[in-house]
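Student: My questions will all concern the structure given below.
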DNA sequence: TTTGATTATAAAATCGATTATTCGGTCTAG
DNA sequence: CTAGACCGAATAATCGATTTTATAATCAAA
């Protein structure tokens, strides 16, 4: 097994980090909630040290608020912040998409088509929410992957997590959903046609509409 | 006492985090080095738990590399990455500066003038490197502060730390230094004149030249 | 010599227990 | 009443020791 297993195994710390990250993004904690560390310890069956290390990482990543001497809290949701996140997504993903279109090679085109196809298939089977989310994230990641900037990709990833925290709380809207799904296909077409201008505009619109959906997380 | 002290006191964890962050940015560790945790424990006189929590945070922040089961290492320096960081700084700080100029109020103008003045004074006394660095960071922070996006500010802060890790290793160049110092003053003028276009261009140039200085960290 | 297995050593990760701090209620002086 | 002092329970932070895993050093076989 020489070549494989080059990435270290999962530690308790990395496992609980990944798990908590997902649970936070998927809204399994209520916004503003104060995390009872010993309760988490029970709930996930991990020790204090790996748990605290994970919480520290999540705070540095922006999915938790850390207050010295008084533990960790789930950040509140705020319209203003959602707007900020969506704005930043438009700016950064637009930038990344432009660069990706200019630099993406044939292999990228193939992967993009594949990712879009997998997503489309998942669109059609409304069960398997979880799987759809995975493929959706992967599609958007593939789209900007060859932009050439690791920092840009890192920021985009972070913003996606923040954005999804809102979006996943919002009620679904089948009509808008269909439109957004269609846009995925159009994005691929524009990318393959190397139409920078068109792709950027569409991406901008795509995020704007997603933002309006995500606003639904502030239901009265 | 009531109103003040609203932020929790410093914990061992937060102290060692701040300290390590500075030491990393200031190049007190050699790039690529593997951190011996127990050695750090001795060197800084802290316990394992707070130390590990700080290391986890720094890894999430991007100032350390964490590899499961084999600890933490200081990221290597790479020309390509410095280029990426500088590019991102140009993009994001340009964006932030534009917004700041559009949204900054009279109070901002005052603080900007003050920050620039303090920095200029520090320029003139070449001793006190540390103080200059502090004021320099603060000036750039003030410049973009009212941009209206917390995420943008957050990313910029992160990029500054990354950038400075390179710059502080590079040999100083008094001539370029004087030019860069002069640009600080010009940036203030353009900002106060609400000259978005001019300010963005100057900021772009400012970062480009700083980048060339920072390239000196790759001495033969 | 190499290669691969084997063990000894060092280091990372984790646990269980201890210490320090906050939080909420209660009391007292003004 | 109300602001502040005080106390006890709850919880965050930290320590010291243990367990697990990687690293290196050693040796045997090809």
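Where a number appears in this text, it was derived from the coordinates with a stated rule and is not lab data. In this text the structure is predicted, and so the values were computed from the model without any measurement. Using ideal geometry, Cβ is built from the backbone for each residue, glycine included, and neighbour counts are taken over all protein chains shown.
Student: Give me the distance between the Cα centres of the stretch B:146-216 and the stretch A:171-220, rounded to whole Å.
Tutor: 35 Å
Student: Using a Gaussian network model of chain B whose springs link C-alpha atoms within less than 10 Å, name the residue from B:162, B:69, B:197 with the highest mean-square fluctuation.
Tutor: B:69
Student: Nearest-to-axis residue of chain A, judged by Cβ, for the A-to-B rotation, with distance in whole Å?
Tutor: A:60, 2
Student: Highest GNM mean-square fluctuation, chain A, Cα pairs closer than 10 Å: which of A:48, A:135, A:153?
Tutor: A:48
Student: What's the angle, to the nearest 10 degrees (0 to 90), between helix A:129-144's Cα axis and the longest principal axis of chain A?
Tutor: Here the helix axis deviates by roughly 60 degrees.
Student: How much space per residue, in cubic angstrom, does the convex hull of the C-alpha atoms of the protein assembly as shown take up? Intermediate results must be reported in sequence, preceding the final value.
Tutor: Details: hull volume 87.8 nm³, N = 440.
Each residue corresponds to 199 Å³ of Cα convex hull volume.
Student: Which parts of the stretch A:131-159 would a label at residue B:218 reach, counting a residue when its backbone N lies under 17 Å from a point 7 Å out along Cα-to-Cβ?
Tutor: A:149-151
Student: May I pose another question? Pick from B:37, B:156, B:16 the residue whose mean-square fluctuation is largest in a GNM of chain B, springs joining Cα atoms under 10 Å.
Tutor: Maximum among the listed residues: B:37.
Student: In whole Å, what is the distance between the alpha-carbon centres of the stretch B:80-141 and the stretch A:99-131?
Tutor: Taking the Cα centre of each part, the stretch B:80-141 and the stretch A:99-131 sit 41 Å apart.
Student: Label-to-label distances across copies for residue A:105, with labels 7 Å out along Cα→Cβ, in nm, shortest first?
Tutor: Taking the point 7 Å beyond Cα along Cα→Cβ, the inter-copy spacings are 5.4 nm.
Student: Turning to a different aspect of this structure: How far, in degrees from 0 to 90, does helix A:79-103 lean away from the longest principal axis of the Cα atoms of chain A, to the nearest 10?
Tutor: The answer is roughly 50 degrees.
Student: Shifting gears a bit: Below 8 Å between Cα atoms, with a sequence gap of 6+, how large is the relative contact order for chain B in percent?
Tutor: Numbers: 231 pairs, mean separation 52.8, N = 220.
Contact order relative to length: 24 percent.
Student: Next up: Per residue of the protein assembly as shown, what 222 nm ellipticity follows from adding -39500 (n - 2.57) for every DSSP H run with n ≥ 4, rounded to the nearest 500? Please report the intermediate quantities before stating the final value.
Tutor: On the way: 18 runs with 304 residues, N = 440.
Calculated from helices alone, the mean residue ellipticity at 222 nm is -23000 deg cm²/dmol.
Student: Assign one of three labels to the stretch B:173-220, namely rounded, prolate or oblate, based on the Cα gyration tensor with a ≥ b ≥ c the square roots of its eigenvalues; rounded applies when a/c is under 1.5, prolate when it is not and a/b is larger than b/c, and oblate otherwise.
Tutor: Details: a/c = 5.15, a/b = 2.20, b/c = 2.34.
Oblate.
Student: Distances from residue A:189 to the same position in the other copies: list them in nm, one decimal, shortest first, using label points 7 Å from Cα along Cα→Cβ.
Tutor: 5.2
Student: Here is a follow-up. Helix A:196-214: angle to the longest alpha-carbon principal axis of chain A, degrees 0 to 90, nearest 10?
Tutor: On a 0 to 90 degree scale, this one is about 40.
Student: According to the Kirkwood expression over distinct Cα-Cα pairs, how big is the hydrodynamic radius of the stretch A:141-216, in Å?
Tutor: Values: mean 1/r = 0.0743 Å⁻¹.
With all distinct Cα pairs of the stretch A:141-216 included, I get 13.5 Å.
Student: Can I ask one more? Along each of the three principal axes of the Cα atoms of the stretch B:86-220, give the extent in whole Å, ordering the values from largest to smallest.
Tutor: Principal-axis extents of the stretch B:86-220 (Cα, largest first): 45, 30, 23 Å.
Student: Using a 7 Å offset from Cα along Cα-Cβ at residue A:134, what residues in the stretch A:154-172 end up with backbone N under 13 Å from the label point?
Tutor: none
Student: Put a point 7 Å out from Cα along the line to Cβ at residue A:141; what are the distances to that point in the other copies, in nm, shortest first?
Tutor: So the label point of residue A:141 gives 3.3 nm to the other copies.
Student: Report, please, the projected area of the stretch B:1-154 averaged over directions, based on the convex hull of its C-alpha atoms, in nm². Mind dumping the intermediate values first?
Tutor: Working: hull surface 50.0 nm².
Spelled out: convex hull of the Cα atoms, projected over all directions, averaged, 12.5 nm².
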